[in-house]
1. Could you tell me whether the stretch 301-363 comes out rounded, prolate or oblate from its Cα gyration tensor? Rule is a ≥ b ≥ c as square roots of the eigenvalues, rounded for a/c under 1.5, then prolate if a/b exceeds b/c, otherwise oblate.
2. What number comes out for the charge environment of Leu347, summing +1 per Lys or Arg and -1 per Asp or Glu over other residues with Cβ under 10 Å away?
3. Take the Cβ-Cβ distance between Lys277 and Arg210 as r, set R0 to 30 Å, and report the resulting FRET efficiency rounded to the nearest 0.05.
4. How much net charge surrounds Glu221 when only other residues with a Cβ under 14 Å from its Cβ are counted (Lys, Arg +1; Asp, Glu -1)?
5. Just add up the charged neighbours of Tyr159: K/R +1, D/E -1, any other residue whose Cβ is under 9 Å from the Cβ of Tyr159.
6. Between Met123 and Ile351, what is the FRET efficiency for a Förster distance of 30 Å, r being their Cβ-Cβ separation, to the nearest 0.05?
7. How much FRET efficiency would the formula 1/(1 + (r/R0)^6) give for Arg322 and Val105, where r is the Cβ-Cβ distance and R0 is 45 Å, rounded to 0.05?
8. Determine the shape class of the stretch 127-372: with a ≥ b ≥ c the square roots of the Cα gyration tensor eigenvalues, call it rounded for a/c under 1.5, and otherwise prolate if a/b is greater than b/c, oblate otherwise.
Amino acid sequence: MIPRSVLRGDAVPSPPAEECHDAGGASALFPLPSRKSAMTQAVLRDAVPSPLAGEGQGEGAAKEYNRCKQLIFEEVTPFLFVLCYTHHIVQTHFKRSLFNVIIAVVLTYLGLTAMIYFQQDGMVYAPEKTITHNPKNIGLEYEEVTVRTKDGLSISGWYIPARNEKAVVLFCHGNAGNISNRLDSVRVFHSLSLSVLIFDYRGYGKSEGRPSEEGTYLDAEAAWDYLVTVKKIPPGRIVAYGRSLGAAVAAEIAERRSPAALILESGFASVPDLGKKLYPWLPVKLISKFHYATIDKIGTIRCPKLIIHSSKDEVVPFEHGRMIYEKASPPKEFLEIRGGHNDGFLLSGRIYTAGVEGFLEKYAYKAARGSQQ
């Protein structure tokens, strides 16, 4: 065991005899200043020639030899002792400590990776069960809607009709809260003479079940089928709209069905692409349980597409909107708005509403009028 004084940098004491000597009395770890070890003898032999080796040497030469030998013994041997002791410390403790640090870092990294892997559901989905408001709170009439998914779950939503309806928006909301947190968006669409069907994913609001990627797609399919089969609305009059996580859901429904147009607001390219930006030190593609890969399907969607994104978005970087737009097949348009991730559509005001209305006038309303005839 190394004396604590050595680790503190104090003067180096002589190690106990039982640590430094074997049964034969030879130094087991390093030479000691208290005896002339083989190393010391070698130094003396090589450093100062013996006066007996040459002829004609007198008593003065012998005294000089003894003085040099004593000097070497007093000055060199302690230095060799410290050098060997230092080597011993480096060999045993430093290497062991470095190894332990490396192991600790690796285990910490693996632990964080495992923690994030198992907590992904909570990071992607943040549902709220309590419905705090409804369209009547903003002066709009609405219908309570319940639809059934292919896997047998009950999904809750609202249908808000518009006067002089130009088209119907299938509204896929983001990852947090529920439909009662989206009334500002409903009011904007209503002001543009757009009826809205907004629904809660499974596990959100009054909807049954627990959210999952395929589950959210099935929920959107059930909402689409309600519009087509119950409300008798032609697909050519339905606009698929999604914000944030909902943009990926809307893109999926546009690929599975044939809406008049697709609007993606504040959407990300994919969960792994967004994860790499947020956690660049993690192997996100290897551990991600979710894809929501809008970037992989946007090129195959043939309906007109409007990509909306703010350069000030603090959650989903602006570059994700541009990536989706660049990968999208025509016809397509890009609308840059201002403001943050959750309030950009409000802060942008007329920029937002004029952009949406202009896009729909150009592409969707003509198709909607044609499908009515």
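A short reminder: the numbers here are calculations on the coordinates, not readings from a lab. Because the structure is a prediction, the values reported are computed rather than measured. Note that each Cβ is placed from the backbone with ideal geometry, even for glycine, and that neighbours are counted across all protein chains shown.
1. Working: a/c = 3.07, a/b = 1.24, b/c = 2.49.
Cα axes put the stretch 301-363 in the oblate bin.
2. Numbers: positive: Lys312, Arg338; negative: Asp343.
Residues close to Leu347 contribute a combined charge of +1.
3. Values: r = 27 Å, r/R0 = 0.90.
The computed FRET efficiency comes out at 0.65.
4. Numbers: positive: Arg148, Lys150, Arg202, Arg256, Arg257; negative: Asp151, Glu213, Glu214, Asp219, Asp225, Glu252, Glu255.
Value of the local net charge: -2.
5. Every neighbour counted, the sum reads -1.
6. On the way: r = 32 Å, r/R0 = 1.05.
About 0.40, to the nearest 0.05.
7. Details: r = 36 Å, r/R0 = 0.81.
That pair, Arg322 with Val105, gives E of 0.80.
8. Numbers: a/c = 1.38, a/b = 1.16, b/c = 1.19.
Verdict is rounded for the stretch 127-372.
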